[in-house]
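Student: Starting off with a structure, shown below.
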Amino acid sequence: MSVRIAPSILAADFANLERDILEVASADLLHVDVMDAHFVPNLSIGLPVVKRLAEVSPLPLDVHLMIEDPDRWAPRYAESGAASVTFHIEAAQNARRCAADIRSTGARAAVAIKPATPADAVMGLLGEVDMVLVMTVEPGFGGQAFMPETLPKLAALKASAQRTDTALWLQVDGGITIQTAPEAVAAGADTLVAGSSVFGPADRERAVQALRDACQP
Ligand code: DX5
Ligand code: ZN
């Protein structure tokens, strides 16, 4: 299976989001980082912007919620046109119900773990989510260095999903470049978020292709 590439608009030009999104139309998903300045020490965008992005994006929206109280907010993002909504296990009160609420809208549900959170924290949820996001940097900011010590969690999650015959996507987010992407894929990732390495270069289409090429066996 070829990997899915999800450019993160955190590294795009916030004054020209539609223009920048159209430049990455050859990718698979559009990664949208929502931050509340509480769960992470940074603030980005919220529901009104996500709604408009869903209307103009040629790619399905992959919304990554780095917010407190996802139990309350995640279903609202799912109803706002996101194809997939990811919440953090560290922030959820009732992860099982949160995932079910997202899925009840027709969106895919995903759960994320920070670098210090073990894979075991989400093992019991694998049948109830469509994707697990293993953060490969501390959430909050783009442009940080990839943390290879997070990668063994992917193999553990993959093995568990295979044992139980669960169709599960495994996503990595943070510091993904043509150098680190092959490492993440070798460790079990199939869905790669990339901010700086896609929106940094002037030719974004080429940057998406370069990531795909880097992951070819
Ligand atoms: C970080 C965000 C990432 C970020 C990745 O908290 O979740 O999606 O945009 O940026 P890069 O690819 O620059 O590390
Ligand atoms: Zn993200």
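Condition check ((1) within 16 Å of ligand 1 (Cβ to nearest atom); (2) in a loop (DSSP other than H, G, I, E, B); (3) of a type in the set (S, T, N, Q)) across all residues:
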residue	(1), (2), (3)
HIS64	yes, no, no
ALA74	yes, no, no
GLY81	no, yes, no
GLN93	no, yes, yes
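Student: Going through segment 58-98 one residue at a time, which ones are of a type in the set (S, T, N, Q) and farther than 24 Å from GLY142 by Cβ?
Tutor: Across segment 58-98, the qualifying residues are GLN93, ASN94.
Student: Something else about it: Is there a residue being buried (at least 20 other Cβ atoms within 10 Å of the Cβ), out of contact with any Asp or Glu (no Cβ under 7 Å at 6 or more places or on another chain) and in a helix (DSSP H, G or I) anywhere in segment 140-149?
Tutor: The answer is no, given that none of the residues of segment 140-149 is buried (at least 20 other Cβ atoms within 10 Å of the Cβ), out of contact with any Asp or Glu (no Cβ under 7 Å at 6 or more places or on another chain) and in a helix (DSSP H, G or I).
Student: What pairs come up if the first residue lies in segment 25-45 and is at positive phi, the second is surrounded by fewer than 23 Cβ atoms within 10 Å (Cβ to Cβ) and not charged (D, E, K, R), and their beta carbons are under 8 Å apart, counting only those six or more places apart or on different chains?
Tutor: ALA37/LEU43
Student: Of the numbered conditions (1) touching a Phe, Trp or Tyr at 6+ places or on another chain (Cβ under 7 Å); (2) surrounded by fewer than 22 Cβ atoms within 10 Å (Cβ to Cβ), ALA74 fails exactly one; give the number of that condition.
Tutor: If we test ALA74 against (1) touching a Phe, Trp or Tyr at 6+ places or on another chain (Cβ under 7 Å); (2) surrounded by fewer than 22 Cβ atoms within 10 Å (Cβ to Cβ), just (2) comes out false.
Student: Please pick out the residue among ALA99, ALA116 that is without any contact (Cβ under 8 Å) to a residue 60 or more places away in the chain, within 17 Å of TRP169 (Cα to Cα) and not in a strand (DSSP E or B). Spell out the reasoning first.
Tutor: On the way: ALA116 fails: within 17 Å of TRP169 (Cα to Cα).
Answer to the check: ALA99.
Student: Another question about this same structure. Hey, any hits in segment 88-95 for a residue that's within 17 Å of the chain's Cα centre (by Cα), β-branched (Val, Ile, Thr) and away from ligand 2 (no atom under 16 Å from the Cβ)?
Tutor: Checking segment 88-95: not a single residue is within 17 Å of the chain's Cα centre (by Cα), β-branched (Val, Ile, Thr) and away from ligand 2 (no atom under 16 Å from the Cβ).
Student: Then there is this: Which of the residues that make up segment 153-201 are in a helix (DSSP H, G or I) and over 23 Å from VAL63 (Cα atoms)? Explain how you work it out, then say what you get.
Tutor: The initial filter retains those residues of segment 153-201 that are in a helix (DSSP H, G or I), namely 153-163, 181-186, 196-199.
Listed by number, the residues that qualify are ALA155, ALA156, ALA159, SER160, GLN162, ARG163, PRO182, GLU183, ALA186.
Bear in mind these aren't lab numbers, they're just calculated from the coordinates by the rules spelled out. Predicted model, so just to flag it, every value in this text is computed and none were measured. Cβ: placed from backbone, ideal geometry, glycine included. Neighbour counts: every protein chain shown.
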